[in-house]
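The values are calculated or read from the model by the stated rules, or taken from the named source; none is laboratory data. Predicted model only: the values in this text are computed from it and were never measured. Reconstructed Cβ throughout: ideal geometry from the backbone, glycine too, with neighbour counts over all protein chains shown.
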Amino acid sequence: MQNKKSIKKKVLVVDDDEMHLYTTKELLQDDRIEVITHKSKYGIGVTNLVRELQPDLILLDVNMPGLSGDKLAKLLRWRHSPFIFYSSNDEDSLRELASRHGAKGYICKGDIAELKNRVNTYLSEQVSTPLYEHILTKIM
């Protein structure tokens, strides 16, 4: 029988707001999701952290002062790291950013039910469908 700790999914949350990091971790972390938070105003250390942790999903704030989320997304795509934009921007701009930068989606901050739902949905799909099938679906 597998150890529960070994089957936990890792979600990395990158934001410049300590309160959003804390509340997001409290909302998502449970017996099957490990939430790692990274406070970053300038995007420093995020790509190294992603390489080290190899998270199953990254929640990425868009409005960080130094290296904004959309610019950081370009680096994450290069590493083939799945991410969702998580921001207080309006839904139309988030939808456009997600489409333009290859995000797995977007979530408006403040929508707690949607946050839990989308993260759980993405992580569940990841378990049932191997990554290479997602890639083939996008290519075809």
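Observations on the model:
- Helices (runs of 4 or more DSSP H) contained in region 46-123 and holding at least 1 residues out of contact with any Phe, Trp or Tyr (no Cβ under 9 Å at 6 or more places or on another chain) and modelled with pLDDT under 80: 46-53, 69-78
- Region 26-36, subset outside any helix (DSSP H, G or I) and of a type outside the set (A, V, I, L, M), residue modelled with the lowest pLDDT: 31
- Unmet requirement for residue 39, which otherwise passes all of (1) modelled with pLDDT of 80 or more; (2) within 17 Å of residue 81 (Cα to Cα); (3) of a type outside the set (A, V, I, L, M, F, W, C); (4) surrounded by 12 or more Cβ atoms within 10 Å (Cβ to Cβ): (2)
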